[in-house]
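Below you'll find the structure, written out as C-alpha cells, and then a few comments.
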C-alpha cells in the first residue's frame, strides 16, 4: 500500500542532516503547526459550504449560488466579512473570561487533531493512549461554553451554557462507553493499532451486534456532545435566541462557529476510525484479489470519505429532526443510552473473551 | 395583564422574551418568571404594533374601512374583509349574488389552507426543525399565485366589496385551483412523515400545554385552539354565512386539550377545506359577481355585529352607526387576543422549550392581537 511515511521520513532526515537536532525538532513542530492551522481553515470553509448545500438540498432550494462557481466561495466571503467586523465586548461582561472563552473552544478543537490518523503512517502524534486523549481533551470544550455563558452576563447565554454543561457531561458517558466497546475488541488505545486491527474487516462488520449498537449510540452521543440538532439546546434558536454565544459577534463568534464544525469533523473522524476502519480500505477476510484492488485507492481518500459520510449523516439529522426538550434529553441519556451501552459493553467483553469476533 | 398569582421569590429568573425574539413571530413581549427551566408565570405585554386600526376605521367610508382589516390578521386577510363586507351588507340588506358567495367561500378556504400551511412551517421551526418551513411554502406559493392571478395581490387581497367582489375570477382560476389540489394531495403525506409521525415531535407535543374546555370557554379561546380542547365553536357550522350551510364538511374536534390536539385540529382542518373547495370548484354559478349598490353607502342608525371563522378563530365586527357615511364606532373581536390570554394558564409548570411550542399551537399573529 502506498504510504505517506516516505515523504515525512525524507523531510525528517533532511532536517536532521542540515540542522542540529534541537532546531530540526523546532522546524518539525512549526511545519506541523502550519499544517494544523491550514487544515483547520480549509475544513472550516469546506464544512460550512457543505452544511449549507446539504441543507439546501434537503429543503428543496438552491443554497448559496452567487460567489464563485455554484456558490463554492461563499464561505470565504463569509470569513472575510467576519474578519473585518468589529469584535464587540459589551459593557458589563467579565472581559477576561469573555475573550478567553472562544479561544478555549478553538484550542481544544486544535488539540484534538493531534492523534488522528489521516492516512497510512500520517499521524501528528502517534500517542499510545490516543483514544483516551481524545475523550479527555474533548471534555474541556464544556469549560469554554460555560465560561462564555457566565461571562456574557446575559440570561439567555447563562441558560444555554447550563443546558450545554448538563448535556455534554451526560453524553460523554455513553460516547465513552461505546468507544470502550471497540477498545475491548482491539485491546489497544493507540489509534494506529485500532486501524491496523481492522485490516481484515471493519469493526462494525466484525464486532457483531455490540459493535452496531455502540456505533448507533456513538453517533447519537457525539451529535449531542457537539451541540448539534436535534440536541442543539445550548443554542436553541427559537428559545434562547443564540444560547451561549448570544453576545458574541465578529471573529469571536466565528471562533465558536469554527470550533463547532471542527468538533463535528473530529468526532466523525474518531467514529470512522473506530467503527469504519479509519484509513483502512474495505477488506473482506482473505479475498486477496479484492483486497488488493481496494488498496489502490489512496488511504487518505478512504479516511476522508468515511469521515464525510458520517458528517453528512449528522447534517442530515440536523435538517430533519425537531429539537428535544431538556428533560427528555437527559432522560434519553440516563434512562436509555447509558444502561444500553453498559449492557452492550458487557456483551462485547464476553464476545472478546470468548474470541467470537472475527 | 395577568394577575399576580405566581409570586416571585429569591432565585427566580425573570427573562424578557421579545419584543425582538425569534419565537414570538412579531413584536410580542413576554415577561417570563422561571425557576430553572420551569415556567412560573408568563405575562404578555402588548402595544408594540398598535396602529389604532379601530379609530382609523371611524374616519373611513363603509367601502374603504374593509381594506384596513387586511392588515390586522394578514394571514387571513380575505376572511377579515369578508366579515366586514357581511356586516355592511347586513346593515344595508344587500343581497349578494350566488356567484359572488361561492367565490368568497372558495377564497376563504384557500386562505385558510395558506394560513395553516404557514402555521405548520413556523410551528415546526419553533420546535427546531427548519425543513418543514420550506415544504409548507412550496404549497403555499401556489395558493399565492392563484390569489395573485385573480385578486392582483398575494397577501392582502382586498378582493371583497360590499355587495360582491371587486372583479370576476380569472379564466384560469378553476384550472389553477384544481392543479393546486392535486399538488397538495400528492404532498400531504410528507407532512405526516416529516413531522406528525416523528417520535421527538410527538413527545414534545403530547400532554403539554393542557387547556381544559372550561378554561377555553372562560378565556374566550376560539378556533382550532378551542376545538383542540373539545369545545365546539366553528362559526361556519354554528352560524353559517354565505352558503356554508349547504356544504358538506366536518367540524374537527379533538378532546385531549394538549398541544398535539391543537396541532391535529389544524392538520385535519386543512383536509376539510380541501373538501369544501372540491365541492365548489366545479359548481361556480353563472351570473353577476356584484350587485348594484349606491355610490355612497350609509348604514341606518343602529348596531350591527357579524362573526366569521378565520384561520385562527372567531373574528367579530361590531359597527355602531349614526346614519352617516362613516361608522360612529367600530370594534373588532380578534381571535388572537383571547387565545393569547390563555397562554399563562397553559404554560405554568411547563418547561421553557415548551412555551415556544404552545405559542406555536395558538398560532399567534401579533398585528391581530395588537390592532
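All conditions but one from (1) farther than 30 Å from residue B:296 by Cα; (2) surrounded by 24 or more Cβ atoms within 10 Å (Cβ to Cβ) apply to residue B:368; the one that does not is (1). When the range A:136-170 is filtered for residues that are over 23 Å from residue A:331 (Cβ atoms), without any contact (Cβ under 8 Å) to a residue 40 or more places away in the chain, in a helix (DSSP H, G or I) and under 20 Å from the mean Cα position of the chain (by Cα), the ones remaining, listed by number, are A:136, A:137, A:143. Does residue A:20 qualify as being modelled with pLDDT under 85, farther than 17 Å from residue A:124 by Cα and either in contact with a helix residue (DSSP H, G or I) (Cβ under 8 Å, 6 or more places away or on another chain) or away from chain B (no Cβ under 14 Å) (or both)? Answer is yes for this residue.
In this entry, residue A:318 is excluded by the filter for residues that are over 20 Å from residue A:210 (Cβ atoms), surrounded by 20 or more Cβ atoms within 10 Å (Cβ to Cβ), touching a strand residue (DSSP E or B) at 6+ places or on another chain (Cβ under 8 Å) and within 14 Å of chain B (Cβ to nearest Cβ). Taking residue A:352 as the residue in question, decide whether it is under 23 Å from residue A:189 (Cα atoms), touching a residue at least 40 places away in the same chain (Cβ under 8 Å) and in a helix (DSSP H, G or I). When the stated conditions are applied, residue A:352 passes them. Only one entry in A:189, A:173 is modelled with pLDDT of 85 or more and not in a helix (DSSP H, G or I), namely A:189. If you check B:175, B:187 for being within 14 Å of chain A (Cβ to nearest Cβ), closer than 27 Å to residue B:138 by Cβ, more than 18 Å from the chain's Cα centre (by Cα) and surrounded by fewer than 14 Cβ atoms within 10 Å (Cβ to Cβ), only one passes: B:187. Considering the conditions (1) within 30 Å of residue B:67 (Cβ to Cβ); (2) more than 21 Å from the chain's Cα centre (by Cα); (3) surrounded by fewer than 19 Cβ atoms within 10 Å (Cβ to Cβ), residue B:18 is excluded by exactly one of them, (3).
Within the range B:190-240, can you find the residues that are part of a loop (DSSP other than H, G, I, E, B) and within 14 Å of chain A (Cβ to nearest Cβ)?
Narrowing the range B:190-240 to residues part of a loop (DSSP other than H, G, I, E, B): B:197-198, B:206-212, B:219-223, B:228-234, B:239-240.
The answer is B:197, B:198, B:206, B:207, B:208, B:209.
Of all residues in the range A:331-356, those satisfying the criterion of being more than 17 Å from residue A:176 (Cβ to Cβ) and within 14 Å of another protein chain (Cβ to nearest Cβ) are A:331, A:335. Among the residues making up the range A:159-190, those that are within 14 Å of chain B (Cβ to nearest Cβ) and surrounded by fewer than 22 Cβ atoms within 10 Å (Cβ to Cβ) are A:162, A:165, A:166. Considering each of A:70, A:85 in turn, give the residue that is surrounded by fewer than 16 Cβ atoms within 10 Å (Cβ to Cβ) and without any contact (Cβ under 8 Å) to a residue 60 or more places away in the chain. None of the others qualify; the one that does is A:70. The single condition among (1) surrounded by fewer than 24 Cβ atoms within 10 Å (Cβ to Cβ); (2) away from chain A (no Cβ under 11 Å) that residue B:134 does not satisfy is (2). Here the helices (runs of 4 or more DSSP H) wholly within the range A:208-321 that include at least 2 residues being under 20 Å from residue A:55 (Cβ atoms) and within 12 Å of the chain's Cα centre (by Cα) are A:208-225, A:250-275, A:299-318. All of B:247, B:297 fail the test of being closer than 23 Å to residue B:180 by Cα and touching a residue at least 60 places away in the same chain (Cβ under 8 Å), apart from B:247. When residue A:59 is tested against (1) surrounded by 15 or more Cβ atoms within 10 Å (Cβ to Cβ); (2) without any contact (Cβ under 8 Å) to a residue 60 or more places away in the chain; (3) farther than 21 Å from residue A:262 by Cβ, only condition (2) is not met.
Quick test for you: out of A:56, A:77, A:114, pick the one residue that is out of contact with any helix residue (DSSP H, G or I) (no Cβ under 6 Å at 6 or more places or on another chain) and within 14 Å of another protein chain (Cβ to nearest Cβ).
A:56
Please find, among A:212, A:220, A:262, the residue that is over 14 Å from residue A:102 (Cα atoms) and more than 13 Å from every other protein chain (Cβ to nearest Cβ). Answer to the selection: A:212. The set of residues in the range A:61-81 being closer than 26 Å to residue B:133 by Cβ and either touching a strand residue (DSSP E or B) at 6+ places or on another chain (Cβ under 6 Å) or in a helix (DSSP H, G or I) (or both) consists of A:70, A:71, A:74, A:75, A:77, A:78, A:81.
The values are calculated or read from the model by the stated rules, or taken from the named source; none is laboratory data. Just so you know, these numbers come straight off a predicted model, no measurement behind them. A quick note on method: Cβ atoms are made from the backbone with ideal geometry, for glycine too, and the neighbour counts reach across all protein chains shown.
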